[in-house]
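Q: I have a structure here, written as structure tokens, and I will follow up with some questions on it.
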Amino acid sequence: QVQLVESGGGLVQAGGSLRLSCAASGSIFNIAYMGWYRQAPGKQRELVAQIISGGSGSTNYADSVKGRFTISRDNAKNTVYLQMNSLKVEDGAVYYCNAGIRREASGVLWHYWGQGTQVTVSS
């Protein structure tokens, strides 16, 4: 089995910063990608940022967070980070870690989710 464990959420004032972490553990052969989604009350879950685990580690960001959020990875620790700067009230949501993981060399890609961590931004 594979688990994604998130940490780092909390309450911050607008303009402040938070850093989220997500560590993958369990039966992992390799990780294809890791990323962050968020879901605010009454809204659909949306992609925030994603990073490819291999090679150059290419990244993808939602337009709403470009220039403010940075996703990074530590492949040795199977961990992804999301540095969130210049936070806005509208960034408040439950943030979910997401990963595409192969559990063995067969190549089947499984998609996993973390349990979510709350980020609240006050005005």
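Q: For a protection proxy built on the mean count of beta-carbon atoms within 10 angstrom, sort 50-58, 38-46 highest first, please.
A: On the way: 50-58: 13.6, 38-46: 11.8.
Going from most to least packed, we get 50-58, 38-46.
Q: Which residues does the label zone of R102 cover in region 37-61, counting backbone N under 12 Å from a point 7 Å along Cα→Cβ?
A: 54
Q: Taking only C-alpha pairs under 8 Å that are 6+ residues apart, what is the relative contact order of region 34-84 in percent?
A: Values: 73 pairs, mean separation 14.1, N = 51.
Taking the mean separation of contacting Cα pairs over the length of region 34-84, I get 28 percent.
Q: Also, quick follow-up: How many times 2.2 N^0.38 Å is the alpha carbon radius of gyration of region 84-123? Before the final figure, lay out the partial values.
A: Values: Rg = 15.3 Å, N = 40, 2.2 N^0.38 = 8.9 Å.
Here the Cα radius of gyration is 1.72 times the empirical estimate.
Q: Now a separate question. Give me the percent relative contact order of the chain, please, defined on Cα pairs under 8 angstrom at least 6 residues apart. Intermediate results must be reported in sequence, preceding the final value.
A: On the way: 312 pairs, mean separation 43.8, N = 123.
RCO, the chain: 36 percent.
Q: Also, quick follow-up: Looking at the P(r) of the chain, how many percent of alpha-carbon pairs lie beyond 27 Å? Walk me through the numbers before you get to the answer.
A: Numbers: 1157 of 7503 pairs.
Value for the chain (Cα pairs over 27 Å): 15 percent.
Q: Also, I was wondering about something else. Excluding M84 itself, what net charge comes from residues whose Cβ is under 9 Å from its Cβ, given Lys and Arg +1 and Asp and Glu -1? Could you put the intermediate results ahead of the total?
A: Working: positive: R19, R68; negative: D91.
Local net charge: +1.
Q: Something else about it: For every other residue with a beta carbon closer than 15 angstrom to the beta carbon of A32, add +1 if it is Lys or Arg and -1 if Asp or Glu, then tell me the sum.
A: Values: positive: R73, R102, R103; negative: E104.
Combined, the nearby Lys, Arg, Asp and Glu give +2.
Q: Using a 1.4 Å probe on the protein chains only, how many percent of the accessible area of the chain belongs to carbon and sulfur?
A: Numbers: 3040 of 6380 Å².
Answer for the chain is 48 percent, counting heavy atoms of protein chains only.
The values are calculated or read from the model by the stated rules, or taken from the named source; none is laboratory data. All of these numbers come straight from a predicted model, not from anything done at the bench. Virtual Cβ from ideal backbone geometry, glycine too; neighbours counted across all protein chains shown. Quick note on the areas: whole protein, heavy atoms, side chains included, nothing else; ligands and nucleic acids left out. Shrake-Rupley method; radii C 1.70, N 1.55, O 1.52, S 1.80 Å.
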